[in-house]
Amino acid sequence: MRRWQAVAFALVLLALALPATAQSVLTYHARSDRGGNYAMPEFTWDHARALQLDPGFAPRFDGHLYSQPLYWRPPGAAAGLLIIASESNIVTAIDAATGKTAWTRALGRPASLSAFDCGNIDPLGITGTPVDGAVLPGWPIDVGEALHAAGQDFDSRVQNQRGALLLLDGALYVPYGGFYGDCGDYHGWVVGVKLDDQRHVFAWRTRGRGGGIWAPGGIASDGQALYVATGNTLGARDWADGEAVFRLNPDLRHAERNHDFFAATDWRALDSRDADLGGTNPLPFDLPGGQPVVLALGKDEKAYLLDRYNLGGFGGSLVTERVTAGPIRTAPAVYPAAGAMLVAFQGRGAHCPAGQSGDLTVLRIAAAPRLALQTAWCGVVSGAGSPIVTTTDGNANPIVWMLGAEGDNRLHGFRGDTGEKLFASPPLAGLRHFQTLIAADDRLFVGADGRLYAFGLPH
């Protein structure tokens, strides 16, 4: 049981021998930058109003589901496979057309919550979203043993793996935090493993106790570097890497310079309030005109816009705004609209336009005539899902989709430019907080405890 906690899904789900198609969803929010923009040519604003739940699609699997489903369609295949990894430590592949189970793999017994000093998931199996299909030779590995051999102390009894995994340039990256309740001497870790040589394990961690990487989106990348956000440190008298955004090189080496980190100046106050900056993953994107930025969203209700190549050190954000009236904890999604970039996230907006309110907030970020961050619109949703966006070509007909997880439990769709409500489903059973959905093959797929839902357009 302990050993599986140490492995923390570093077995790597991959099908590298067969290339993925454009419709495949092989990582969290479809891309390594975690942008969450899915190209769905048939999903126009008008068509979205007619979206329907498919009553004949009702596949079942074992376990609670916190991770995002994946979708892989082999070249030439008539239908793809949905890959589900649950808290029962079971990975299930489901035919996306018929809902029939294609294969199932048990990865060991899940851990009982009673085995740990704190936490809130029982049983504990796979929480972080995996990447890409078959177990590679030589895996799984024991992360604790591998790091101990490299001279580093990784205690699997207090480290918990909640954030999404990432692949970049032939290496797997796994983020770690602790357990709900902050028990034990845990740290925020990023562990890297070379896919062609699993003996090559390398890592970065926070200096202080705590500073976990909690966000469902885990690690984001712009293709050159990795970006992570850390939470509260525990008992730190001097800053020890908490409440911060870090840019890490692919070898996980980190230079102690202002260009490579941002930290909130009030980090001590955030620590004391458990108001983590690391409630969401950093979101790297380019503004119209090409300015490279990173957006960080915190449980402190603030948005921090950072220069991607000079994160600014202490308090060095380009723009800081209070944008919600409560903590921000889920993964954002980004899309272009009218000369700006819009970012959708779960949180009750603090500056919603008149007559609008709800648990979905959309920010408008523009570079001209001056750099500015404003609330574009707010959507009427009750719940804690992570939104995605569909567009017909990457730009046109943006639709923001969000699950009212552990709230109204409905799937909601809004016109991305104005916030006009386009769709709301009946309540869906079994949704877990922070759950996100995926878009593939002209359908939306939603994962819940023990089952999947599919939504499509009428033919």
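No lab work stands behind these numbers, since they all come straight from the coordinates. Remember, it's a predicted structure, so these values are computed and weren't measured experimentally. Every residue, glycine as well, gets a Cβ built from its backbone with ideal geometry; the counts of neighbours run over all protein chains shown.
A few points about this structure:
- From most to least packed by mean Cβ count within 10 Å, the peptides 188-198, 338-348 give 338-348, 188-198.
- Within the set (i) 54; (ii) 48; (iii) 36, the number that percent of Cα pairs over 31 Å apart takes when calculated for this structure is listed as (iii).
- Environment charge of GLY313, counting only residues whose C-beta is closer than 14 Å and scoring Lys/Arg +1, Asp/Glu -1: -3
- By average C-beta atoms within 10 angstrom, highest first, the peptides 413-420, 172-179: 172-179, 413-420
- Packing around the peptides 204-215, 39-50, 286-297, taken as the average count of other Cβ atoms within 10 Å per residue, puts them in this order, highest first: 204-215, 286-297, 39-50.
- The local environment of ILE84, defined by Cβ-Cβ distances under 14 Å, has a net charge of 0 under the rule Lys, Arg +1 and Asp, Glu -1.
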